[in-house]
Amino acid sequence: MRKFKITISKGDNWGICLKDFTGGWDTPNDKINDEFFNKFVMAESVIKNGEIIVLGEYTFNNKWLELAKNEPLMAEICEFTHIDTDSKKEIAKFQGTFIDALKYIQMHFKG
């Protein structure tokens, strides 16, 4: 099971990132990322080898939850850990899909 960290800045932005990812937002993506990006229109998304590596944005769009239901990449079960951006301490940990992670962010993001 892949492990991701969730960060939610104070009204600024949010991100979901593979825990051991060492690249940046400008990491080259698979071609599938263009389709994914055009569907979800998120500021940041990195897809490698057909798997989500990074998702991030400066707002939250509720339509992503509906779109995610029909996106196979969003159905992967992973472990997500919410890390406080200031203290770097773990706030919450759960297993679920990227849809669950987006619902979690929707509840906690104040942007």
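Every read-out reported here was derived from the displayed coordinates using simple, explicitly stated rules and does not represent laboratory data. These numbers were taken from a predicted model, which means no experiment stands behind them. For neighbour counting, all protein chains shown are included, and Cβ atoms are generated from backbone atoms with ideal geometry for every residue, glycine included.
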### Task
Give the cross-link partners of residue 3 among the aspartates and glutamates, using a straight C-alpha distance below 17 Å as the criterion and excluding same-chain residues fewer than 8 apart.
20, 51, 76, 79, 84, 90, 100
### Query
Around residue 52, which amide H atoms from residues at least 5 apart in sequence, or from another chain, sit under 5 Å from its own amide H, with H modelled in the peptide plane?
none
### Summary
Given pairs 10/63; 39/93; 63/89 and cut-off 25 Å on Cα-Cα distance, the over-length ones are 39/93; 63/89
### In segment 56-111, GluC sites (Glu not before Pro) in a DSSP loop with at most 16 other beta-carbon atoms within 10 Å
76
